[in-house]
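The values are calculated or read from the model by the stated rules, or taken from the named source; none is laboratory data. Bear in mind the structure is a predicted one, so any value in this text is a computation, not a measurement. Please note: Cβ atoms are built from the backbone with ideal geometry, for glycine as well, and neighbour counts cover all protein chains shown.
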Amino acid sequence: VEIAPGAVHVPRWLSIERQSEIAAACREWARGPAPMRHTAMPRGGQMSVQTVCLGWHWMPYRYSRTADDVNGAPVAAVPDWLKDLGRDAVAAAYGDRTEYDADAVLINFYDATAKMGMHQDKEEVTDQPVVSLSIGDSCTFRFGNPQTRGKPYTDVLLESGDLFVFGGPSRFAYHGVPKISPGTAPAGCGIEGGRLNLTLRETGLS
Ligand code: MD3
Ligand code: FE
């Protein structure tokens, strides 16, 4: 389903088995080398979402090969199976297209009250698409426009197993997560309570 040019939503793309495998892998990555944590913001406060990264470590507002704002540890690599999944995801959304090499993955965990404010993802220096995978509780995802944090925007329900790919004119749109729907995770998805979101990116950095 194309929500806007280049923004394609594929509901229930991941099987329940695949969801639980990915959730199990994320549980391990959350332990280290750099543990999952609430990212500290430069003007004080911290994000309500908890994050751990693969490939490149994201901080407000730069990437590093080491988790400089956690424990300084080198960031774990993006495994080949996850790069392959990213390539399959872009092909599923856009039709045949094989050139996609995710070199950074942000894994976000939302508890029942976590939110993500409207923002743009512009630390990457390519215009390659972002791949988003959701597991666990549903959320309201707000997809805006490239000019402003405010209206016009479209609210979309993202459920466990959903794929969303943001490329082309949608790549630099504002977006956020205003609400989690507690208790909506399907049995067997690997997440008991809360929501897991993986975003795969091609940073263009070296
Ligand atoms: C649209 N994550 O990690 S995924 C993020 O559900 C982030 O955790 C949200 O925004 C989450 O930066 C939303 C959907 C998403 C991700 C990246 C985008 C939408 C996007 C980049 C450009 C446009
Ligand atoms: Fe984002």
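Key figures
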read-out: Test: residue in region 100-109 that is more than 16 Å from ligand 2 (Cβ to nearest atom), of a type outside the set (A, V, I, L, M) and in contact with a Ser or Thr (Cβ under 6 Å, 6 or more places away or on another chain); value: yes
read-out: Subset of region 180-206 [loosely packed, with under 15 Cβ neighbours inside 10 Å and within 16 Å of ligand 2 (Cβ to nearest atom)]; value: none
read-out: Scope region 148-167; condition within 16 Å of ligand 2 (Cβ to nearest atom), part of a loop (DSSP other than H, G, I, E, B) and under 14 Å from residue 9 (Cβ atoms); matching residues; value: 162, 167
read-out: First in region 16-27 and farther than 15 Å from residue 186 by Cβ, second anywhere and buried (at least 16 other Cβ atoms within 10 Å of the Cβ), Cβ under 7 Å, 6 or more apart; value: 24/190; 26/107; 26/196
read-out: Residue selected from region 171-206 under the condition among the charged types (D, E, K, R) and in contact (Cβ under 8 Å) with a residue 60 or more places away in the chain, by the criterion nearest to residue 121 (Cα to Cα); value: 171
read-out: Residues (more than 17 Å from the chain's Cα centre (by Cα) and either among the small types (Gly, Ala, Ser) or near ligand 1 (Cβ under 10 Å from one of its atoms) (or both)) located in region 191-206; value: 193, 204, 206
read-out: Flag for residue 71 being over 17 Å from the mean Cα position of the chain (by Cα) and within 16 Å of ligand 2 (Cβ to nearest atom); value: no
read-out: Total residues in region 116-141, condition part of a strand (DSSP E or B) and within 11 Å of ligand 2 (Cβ to nearest atom); value: 7
read-out: Residue identified as among the polar types (S, T, N, Q), part of a strand (DSSP E or B) and either over 30 Å from residue 190 (Cβ atoms) or at pLDDT 95 or above (or both) among 145, 108; value: 108
read-out: Residue count for region 138-156, restricted to those that are crowded, with 17+ Cβ neighbours inside 10 Å and either in contact with a Gly (Cβ under 6 Å, 6 or more places away or on another chain) or farther than 23 Å from residue 194 by Cβ (or both); value: 4
read-out: Residue that is farthest from residue 77 (Cα to Cα), among those in region 88-105 that are among the small types (Gly, Ala, Ser) and in a loop (DSSP other than H, G, I, E, B); value: 95
read-out: Pairs where the first residue, in region 119-130, is more than 14 Å from residue 56 (Cβ to Cβ) and touching a residue at least 60 places away in the same chain (Cβ under 8 Å) and the second is of a type in the set (D, E, K, R) and within 9 Å of ligand 1 (Cβ to nearest atom), C-beta under 8 Å, 6+ apart; value: 129/171
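Residues are listed down the side, and each one gets a yes or a no for (1) within 7 Å of ligand 1 (Cβ to nearest atom); (2) acidic (Asp, Glu); (3) over 29 Å from residue 99 (Cβ atoms):
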| residue | (1), (2), (3) |
| --- | --- |
| 132 | yes, no, no |
| 138 | no, no, yes |
| 142 | no, no, yes |
| 146 | no, no, no |
| 149 | no, no, yes |
| 174 | no, no, no |
